[in-house]
Amino acid sequence: MRLLSFGENGSSVAVLCHDQTVVDISGAIPDSWERSRGLMRAVISNFESLRGGIEKLASEGNGVPLDSLTLTAPVPDPSKIVAAPVNYLDHMTEMNQASHIDSLGVFLKAPSSLIGHRGTVRLPYSDRRFDQEGELCFVISRQARNVKADNAFDYIFGFSIALDITMRGGEDRSTRKSFDTFTPMGPWILTSDEINSLADLQLRCWVNDELRQQAKISQLIWGVPELLEYVSSVMTLLPGDIISTGTPAGVGPIDSGDVIVAEVSEIGRLKVHVSDQGATLSVTKGAATGALGLQGMKQS
Ligand code: MN
């Protein structure tokens, strides 16, 4: 099942039908849920009771065209976004990093950085380098603390695609990756039951039709179960929380006017535009430090 969010603040939820149209399922959510917030966390929290009704709607089709809706991130308001810093060996090499996730642990991105499919990434500064990082991400189904890797799938609601947009330089990761619009996600969540073989999924990412990134999910240093075991040993995870698994080699500069497409086989394709409208000079001075040294400055 493919579930998505749309409308102001993701206050409506929908299912993708077999005929590729979309049916609003917001009316199925219990009235006790606060309607001014995103509804996907309510769907996730009540999924066992909602599932039959949603499946029936999805099988009937006759929805509206996907393109007629303005999508938000599938979970527009998670309690947190957790992300893996260096979780593919080829990315460690390209970044001249001496260590990877088993030394670095994980980091947090601001939930307010989320945008949806067909949204616009807004570059805040005109003098800094910004890169695309295509990633597989997953969504937590129920409260999770100290989960063992063997039981990880009991806590994973589904999978989606994320772009971990990043300013290069020496500032803290939580700064460089948390600007508003720096976490495109979507177009939808594919529920876990529809994933045949996670290890065989292919991640690809293009900028303006140039294929920059290509990897199999089996190349993750910490796979999805190990990542969930670790993250849940650090912090309590809640329904709707997002964990992004890291990016393979091929990150590179993005600029105003670019189109970024990230794809994970079986799941779908996430597409966003890039704009520098309103960009100013960088407030902080980290451009000359960090993993890529001077390359933290924009090359013209
Ligand atoms: Mn990343």
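Its alpha carbons give segment 213-299 an Rg and a Dmax of 17.0, 42 Å.
Ligands, DNA and RNA left out, the accessible area of the chain computed with a 1.4 Å probe is 48% carbon and sulfur. Between helix 224-234 and the chain there is an angle of about 80 degrees, using the helix long axis and the longest principal axis of the Cα atoms. The Cβ shell under 10 Å around Cys17 holds other residues with a net charge of -1, Lys and Arg each +1, Asp and Glu each -1.
Of the three principal axes defined by the Cα atoms of segment 124-194, the extents in descending order read 45, 27, 16 Å. Bridging of Lys271 to lysines at a Cα separation below 22 Å is possible for Lys109, Lys177, Lys216, once same-chain residues fewer than 8 apart are set aside.
For a protection proxy built on the mean count of beta-carbon atoms within 10 angstrom, sort 120-131, 276-287 highest first, please.
Averaged packing, sorted descending, gives the order 120-131, 276-287.
The HN-Hα couplings worked out from phi for segment 155-162 by the Karplus form 6.51 cos²θ - 1.76 cosθ + 1.60 (θ = phi - 60°) are 10, 10, 6, x, 10, 8, 10, 10 Hz, whole numbers, x standing for Gly and Pro. The Cα atoms of segment 50-182 give a gyration tensor whose axes a ≥ b ≥ c have a/c of 1.5 or more with a/b no greater than b/c, which makes the shape oblate. Per residue, the average separation of C-alpha pairs within less than 8 Å and at least 6 apart gives segment 149-300 a relative contact order of 31 percent.
Can you give the local net charge around Phe157? Use residues other than it whose beta-carbon is closer than 13 angstrom to its beta-carbon, Lys and Arg +1, Asp and Glu -1. Computed value for this residue: -1. Accessible area per residue was computed with a 1.4 Å probe on protein heavy atoms; Ile156 scores about 10 Å². Scalar couplings 3J(HN,Hα) for segment 97-103, obtained by applying the Karplus form with A = 6.51, B = -1.76, C = 1.60 to θ = phi - 60°, are 8, 8, 9, 10, 4, 6, 9 Hz; x denotes Gly and Pro. Over the chain, dividing the summed -39,500 (n - 2.57) contributions of all DSSP H runs of at least 4 residues by the number of residues returns a 222 nm mean residue ellipticity of -4000 deg cm²/dmol. The distance linking segment 53-104 with segment 167-196 is 6 Å (Cα centroid to Cα centroid, whole angstrom). Spin-label model, Gln202 to Leu89: label points 7 Å out along the Cα-to-beta-carbon direction sit 2.2 nm apart.
Using every pair of distinct Cα positions in the chain, the Kirkwood expression returns a hydrodynamic radius of 19.3 angstrom. Annotation: per residue accessible area for the chain equals 41 Å², rounded to a whole number [probe 1.4 Å, protein chains only]. In order along segment 128-140, phi translates into HN-Hα couplings of 10, 8, 10, 10, 8, 9, x, 8, 7, 10, 9, 10, 6 Hz, rounded to whole numbers, per the Karplus curve 6.51 cos²θ - 1.76 cosθ + 1.60 with θ = phi - 60° and x for Gly and Pro.
All other residues whose Cβ lies under 13 angstrom from that of Gly169 are scored, Lys and Arg at +1 and Asp and Glu at -1, for a net of +4. Look at the Cα gyration tensor of segment 2-68: its axes a ≥ b ≥ c give a/c of at least 1.5 with a/b at or below b/c, and that counts as oblate.
Partner aspartates and glutamates whose Cα lies under 15 Å from the Cα of Lys80, excluding those fewer than 8 positions away in the same chain, are identified as Asp164, Asp180, Asp241.
Classify segment 167-265 from the C-alpha gyration tensor, please: rounded if a/c falls under 1.5, else prolate or oblate depending on whether a/b exceeds b/c.
The shape class here is oblate.
The values are calculated or read from the model by the stated rules, or taken from the named source; none is laboratory data. On a predicted model such as this, the values are computed, not experimentally measured, just so you know. Backbone-built Cβ (ideal geometry, glycine too); neighbour counts: all protein chains shown. Side chains are part of the model used for accessible areas, which takes the heavy atoms of the whole protein and leaves out ligands, DNA and RNA. Shrake-Rupley method; radii C 1.70, N 1.55, O 1.52, S 1.80 Å.
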